[in-house]
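Enquirer: Dropping the structure in here first, questions after.
The values are calculated or read from the model by the stated rules, or taken from the named source; none is laboratory data. None of the values given here were measured: they were computed from a predicted structure. A quick note on method: Cβ atoms are made from the backbone with ideal geometry, for glycine too, and the neighbour counts reach across all protein chains shown. Side chains are part of the model used for accessible areas, which takes the heavy atoms of the whole protein and leaves out ligands, DNA and RNA. Shrake-Rupley method; radii C 1.70, N 1.55, O 1.52, S 1.80 Å.
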Amino acid sequence: MNITIVGTGYVGLVTGTTLAELGNSVYCVDIDEKKVEGMKKGIVPIYEPNLEEMFLRNIQANRLHFTTNLKEALDKSEVIYLALPTPPGEDGSADLSYVLKVANDIGEMMTEYKVVVNKSTVPVGTADRVTAVIKSKTDLPFDVVSNPEFLREGFAVEDSMNPARVVVGCSSDKAKNIMAQIYQPFTNTGVPIIFMDEKSSELTKYAANSFLAVKITFMNEIANYCELVGADVDKVRLGMGSDDRIGHRFLFPGIGYGGSCFPKDVKALIKSGQDENFKFQILESTEAVNNAQKVILTKDIEKYFNDLKGKKIALWGLAFKANTDDIREASSLDNIKLLLEKGAKITAYDKIAEANVKHLIGDQIEYAEDMYAALEDADCLLIATEWPEFKNPNFDLMASKMKNKIIFDGRNMFPLEVPEQHGFFYKSIGRKTINN
């Protein structure tokens, strides 16, 4: 089948590459000419493990194409996926301007029946709005479908090729049959495709992400309480997770959630509720707790040193999570801002996300060539991202470089006995503090 993907961010590029891998001819459209030219040359514009290999394979197989010309791609395709940004406005509402602009363009350009598939995360009722916009521009038949993505950054290729389920919201039998045909390679292997109405499909994405945000935040609250009463959150987490009604995933405490999905989707669902005079009390509390959790260790650092002016802080990790270069809503940025305000100096290491942080804040901090170089004369180390390379460091080398053997670990990277054996002060989340 010929398919157009409008937008080549994380969702659009991974979705387009996956659909090409499934044997479709895919035309990826983006307004950024430089980005499109780079992709034509085989340059992947985002960091995502295992994406480049699949990307190059499908370019070479002539199944994956790139253009800035929406009309050209539209004329070749029966199905058009919208994978456009829906950034939060100041009031938390999702900005649908990109989605509605492309819907308007499709209405003006289409010359035959099309299925318009909304892959972007959008509020309930967006399919109706997209339908109205297209209908205002053409009398030709078309269908609008909601097909939310459930990709984890850092595991997006794995999730796209091995989905737990496919959710499709549509009211048309014709569109339903087309979507079933697209996803048949998955359903043939036992992956369920769940058909529902468009509004339920749109809400499913917000509800799923918001629930996971609540789960993470609840565990962080439990972790903070563990510290007060002398319990160990790792033991509590294992005990909870062994209940199959709860499960082990998303029970790891830390310095809050970030990224492009959870913060935005929680805000958007809160705002959608407000628009209907409905108060999502759990989500409002989740947002407040997460905002405080993101900088909880900076407050501990200040308490330890009393005055942070002139203190040199080594920072390991800038991305909001491991295996991505995404820094949107990253806890590292909140900590950098607060530490700088208090007069501290920061040297950070994260080779994958460094360029994005430099683009955002420039030389407000220093950037190290490797994880140990960041520790030179550091008063303490703050760990903000759970990159695998941080899991088993050389503690003797760390001690030789640091001014003080002090670690504040926002991702619980080490068993407590390890920094203790090496004589480090070690403060993590929800566990006893090692105070050598």
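Enquirer: Count, please, the residues in segment 270-293 that happen to be farther than 19 Å from Lys337 by Cα and open to solvent by 50 Å² or more (accessible area, probe 1.4 Å).
Expert: Number of matching residues: 11.
Enquirer: Of all residues in segment 245-303, which are among the β-branched types (Val, Ile, Thr), under 30 Å from Cys380 (Cβ atoms) and assigned to a helix (DSSP H, G or I)?
Expert: The initial filter retains those residues of segment 245-303 that are among the β-branched types (Val, Ile, Thr), namely 246, 255, 266, 270, 282, 286, 289, 295-296, 298, 301.
Adding the requirement that they be under 30 Å from Cys380 (Cβ atoms) leaves 255, 286, 289, 295-296, 298, 301.
Correct list: Thr286, Val289, Ile296, Thr298, Ile301.
Enquirer: Kindly list the number of the only condition in (1) basic (Lys, Arg); (2) closer than 26 Å to Asn335 by Cα; (3) surrounded by 13 or more Cβ atoms within 10 Å (Cβ to Cβ) that fails for Lys303.
Expert: Looking at each condition in turn, Lys303 falls short on (3).
Enquirer: Need at least 3 residues that are buried (at least 17 other Cβ atoms within 10 Å of the Cβ) per element, so show me which strands (runs of 3 or more DSSP E) inside segment 115-224 make the cut, counting only ones lying wholly within it.
Expert: Working: elements: 142-146, 166-169, 193-196.
Result: 142-146, 166-169.
Enquirer: Check Gln60 against each of (1) in contact with a strand residue (DSSP E or B) (Cβ under 9 Å, 6 or more places away or on another chain); (2) more than 18 Å from Asn162 (Cα to Cα) and name the one condition it does not meet.
Expert: (1)
Enquirer: So, one more: Of the conditions (1) in contact with a Cys (Cβ under 6 Å, 6 or more places away or on another chain); (2) over 22 Å from Ile327 (Cα atoms), Met196 clears all except one; give me its number.
Expert: (1)
Enquirer: Starting from residues that are among the hydroxyl-bearing types (Ser, Thr, Tyr) and more than 29 Å from the chain's Cα centre (by Cα), keep the ones in segment 131-152 and report whichever is nearest to Tyr206 (Cα to Cα).
Expert: Residues of segment 131-152 that are among the hydroxyl-bearing types (Ser, Thr, Tyr), as a first pass: 131, 136, 138, 146.
Now restrict to residues that are more than 29 Å from the chain's Cα centre (by Cα): 136, 138.
Values: Ser136: 28, Thr138: 31 Å.
This residue is Ser136.
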